[in-house]
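First comes the structure, then the notes that go with it.
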Amino acid sequence: MSTSLESPQQPCGGRPSTAAAAAATGPHGLDNPSWAALTGPHRHLAEVLGGAARYPADVSPFVALADPADPRGWADLAALMGPGADVALAGVREAPDGWEENWSAEGVQLVAGPGLRARPEPEAVRLTAADVPEMLDLVERTKPGPFAVRTIELGAYYGIRRGGRLVAMAGERLKLDGWTEISAVCTDADHRGQGLGGRLVLHTADGIIARGETPFLHAAASNTNAIRLYEAIGFTLRRTTFFRGLRVPADAAQPQPHITTQTTQADDE
């Protein structure tokens, strides 16, 4: 099972965090970040049915349950996705009978600690929809995790170019009240060893902190090199977690007509 540190981390640079203060008084959004994002700052992207929510498939494969222990949420998820659909969940170790496991992985969740010194990176450029083909090509070569044609809509993404070619990138994925995840950190094999990934993480973190939020990130527990890098630049372990790829049972109920697709614009941040 996952283990959490007893107290939430404060943001770097001594800046106040309302999220960190709120975490001490109730369930923490970081314990179920996909649900907190889909029902919070990313609700304009969400499809919600009862206790289940999802991103559009071309944005992210991650889905969420309000309470993984509630069978009604699993029924809602099956109806939302449809029979035979593949889904990805974070923090869920047990699934009901009939849900086939495609893959699983142990992970860690880290948050910005007081030692994180975020700063702008002079070489970083803001990536746009026009850069998506290059971003997808870099992701295919480096395998940092799920990234699709509309993933860039989740937040700000930054890259470093050499000779006009995109060779490193990082950006924002899950957003929940007071917190933003840094994700898609990757560097082309020919340009590793130059610290480009770490510099882009600090650059992305600088923008998050400027909004009064706290950066966090996830990594596979087996990716010890990445974890060492994140800890070296000032992130601290909050908890271990678990990622699973599951397939909706073939006899699941068909999607229902009362699925809610949010169409409001994201809140200004």
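Readers should treat all values here as calculations from the given coordinates under stated rules, not as data from a laboratory. It should be emphasised that the depicted structure is a prediction, and the values quoted were computed from it without experimental measurement. So basically every Cβ, Gly included, is an ideal-geometry build from the backbone, and we count neighbours across all protein chains shown.
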For the range 33-163, build the charge dipole from Cβ charges (+1 Lys, Arg; -1 Asp, Glu) around the Cα centre, then report which of Tyr55, Trp103, Ala118 sits farthest towards its positive end. Ala118
Amide H contacts under 5 Å for Ser183, restricted to residues at least 5 apart in sequence or on another chain and with H modeled in the peptide plane, are Gly171, Glu172, Arg173
Cβ neighbours within 10 Å, averaged per peptide: list 233-246, 87-100 in order, most packed at the top. 233-246, 87-100
Of 170-176, 108-114, ordering from highest average Cβ density within 10 Å down gives 170-176, 108-114
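So, by mean Cβ neighbours within 10 angstrom, what's the order for 126-135, 149-158, 61-70 with the highest one leading? Don't skip to the answer; put the middle values down first.
Working: 126-135: 14.4, 149-158: 20.0, 61-70: 18.3.
Ranked by mean Cβ neighbours within 10 Å, highest first: 149-158, 61-70, 126-135.
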Assuming R0 = 35 Å, what is the FRET efficiency of Glu123 and Ala220, from their Cβ-Cβ distance, to the nearest 0.05? 0.85
Pull out a ≥ b ≥ c, the square roots of the eigenvalues of the alpha-carbon gyration tensor of the range 107-161, then state rounded if a/c is under 1.5, prolate if not and a/b is larger than b/c, and oblate in the remaining case. oblate
Could you run the Debye sum over the Cα atoms of the range 116-243, one equal point scatterer each and no solvent, and tell me log10 of I(q)/I(0) at q = 0.10 Å⁻¹, two decimals? -0.28
From the square roots a ≥ b ≥ c of the eigenvalues of the alpha-carbon gyration tensor of the range 91-131, which class results: rounded (a/c under 1.5), prolate (a/b over b/c), or oblate? oblate
As a Kirkwood estimate from alpha-carbon pairs, the range 166-230 has a hydrodynamic radius in angstrom of 12.3 Å
